[in-house]
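This report refers to the structure that appears directly beneath it.
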Amino acid sequence: MAGKLVSKIALVTGGSTGIGLATAQAFVEEGAYVFITGRRQEYLDRATAQIGRNVRAIQGDVTKSDDLAKLFDVIATERGKLDVIVANAGAGDFAPLGQITEEFYNRQIDLNLRGVLFTVQGALPMVSNGASIIIIGSMAGSKGVPGMTVYGAAKAAVRSFARTWTLELKDRQIRTNILSPGPILTGPLESAPPEVFDQFLAGIPMGRVGLPAEIANSAVFLASDDSRFITGVELFADGGAAQV
Ligand SMILES: NC(=O)c1ccc[n+]([C@@H]2O[C@H](COP(=O)([O-])OP(=O)(O)OC[C@H]3O[C@@H](n4cnc5c(N)ncnc54)[C@H](OP(=O)(O)O)[C@@H]3O)[C@@H](O)[C@H]2O)c1
């Protein structure tokens, strides 16, 4: 079989909808075997059916240590290694300064920061030499977005993870890169109030929002040998939104 990811074993957290699902699907089309996670079994079942082959769904929450331990047990038992990790599970909830509760802060940081750290750290023992770690960031990590104090800070912080891990994992030739989307047409954007959608749209030089498949294409690039000399970068797939 021809493909850019033949015989690679990949993990895509939050692979049941949106960018994660499109990425898992693209990886399988390129020859990979993919583990996907998410909290809702119903969406995992749908994603598994949609992808159709070489995919294994494991229900779990990336903010819960026990769920991550279970995930790594299954992957270790069934495949024994990981060549690609896409730390994608995440969400940007809105709360303007003045309305940020401790509970909101903890929830956003647990999901978008702690979840990434403990996903990658937990997987590390079975990550192969030469592997590719891809963290899904956001343009909100570099641009101010009203209401996204906590989310933007978490996405800025994972940018720092990539710099540090590039050095810490260099002896094993493991690459870590950030893939930062601009506004992408997935559930959260589809359900955004029209004025929020229009505000995002107005900031995109290419004049349209992006599609999950367009992020998936960039993830295939970062996962594959096509990017083998690229590590520690933040690749924006944002229609230019954070670039101007
Ligand atoms: N769409 C955009 O405009 C945009 C822009 C920039 C960055 N991003 C980033 O892209 C990533 C994917 O977002 P998306 O737009 O594709 O959103 P989405 O369609 O809502 O997908 C989120 C995925 O993560 C899973 N998930 C959420 N919380 C989880 C948890 N605690 N544990 C495990 N899985 C969890 C969801 O499944 P369950 O809910 O069933 O758990 C789902 O599979 C996120 O990191 C987001 O910050 C998105």
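The values are calculated or read from the model by the stated rules, or taken from the named source; none is laboratory data. This is a predicted model, so every value here is computed, not measured. As a convention, Cβ positions derive from the backbone with ideal geometry for all residues, glycine included, and neighbour counts pool all protein chains shown.
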Quiz item: Can we say residue 43 is within 8 Å of the ligand (Cβ to nearest atom) and among the aromatic types (Phe, Trp, Tyr)?
Solution: yes
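Results for (1) surrounded by 19 or more Cβ atoms within 10 Å (Cβ to Cβ); (2) in contact with a helix residue (DSSP H, G or I) (Cβ under 6 Å, 6 or more places away or on another chain); (3) within 26 Å of residue 3 (Cβ to Cβ), shown as yes or no for each residue.
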| residue | (1), (2), (3) |
| --- | --- |
| 141 | yes, yes, no |
| 155 | yes, yes, no |
| 174 | yes, no, yes |
| 177 | yes, yes, yes |
| 197 | no, no, no |
| 212 | yes, yes, yes |
| 223 | yes, no, yes |
Quiz item: For segment 74-98, what are the residues that are closer than 19 Å to residue 223 by Cα and more than 10 Å from the ligand (Cβ to nearest atom)?
Solution: 75, 79, 80, 81, 82, 83, 84, 85
Self-check item: Residues being among the aliphatic types (A, V, I, L, M), more than 9 Å from the ligand (Cβ to nearest atom) and under 14 Å from residue 15 (Cβ atoms) - total across segment 55-73
Solution: 4
Quiz prompt | Residue within segment 97-113 that is surrounded by fewer than 22 Cβ atoms within 10 Å (Cβ to Cβ), polar (S, T, N, Q) and in a helix (DSSP H, G or I) present | solution = yes
Practice problem: Scan segment 37-54 and report the pairs whose first residue is farther than 13 Å from residue 14 by Cα and whose second residue is of a type outside the set (A, V, I, L, M, F, W, C) and not in a loop (DSSP other than H, G, I, E, B), with Cβ atoms within less than 6 Å and a gap of 6+ or a chain change. | Solution: 51/25; 54/33
Self-check item: helices (runs of 4 or more DSSP H) contained in segment 166-244 and holding at least 2 residues of a type in the set (Asp, Glu), away from the ligand (no atom under 11 Å from the Cβ) and without any contact (Cβ under 8 Å) to a residue 24 or more places away in the chain
Solution: 194-202
Self-check item: segment 123-163 - residue that is touching a residue at least 24 places away in the same chain (Cβ under 8 Å) and polar (S, T, N, Q) and, of those, farthest from the ligand (Cβ to nearest atom)
Solution: 129
Quiz item: Which residue out of 34, 12, 74 is crowded, with 18+ Cβ neighbours inside 10 Å and without any contact (Cβ under 8 Å) to a residue 40 or more places away in the chain?
Solution: 34
Quiz item: Taking the stated definitions as given, is residue 48 in contact with a strand residue (DSSP E or B) (Cβ under 6 Å, 6 or more places away or on another chain), closer than 20 Å to residue 179 by Cβ and at pLDDT 95 or above?
Solution: no
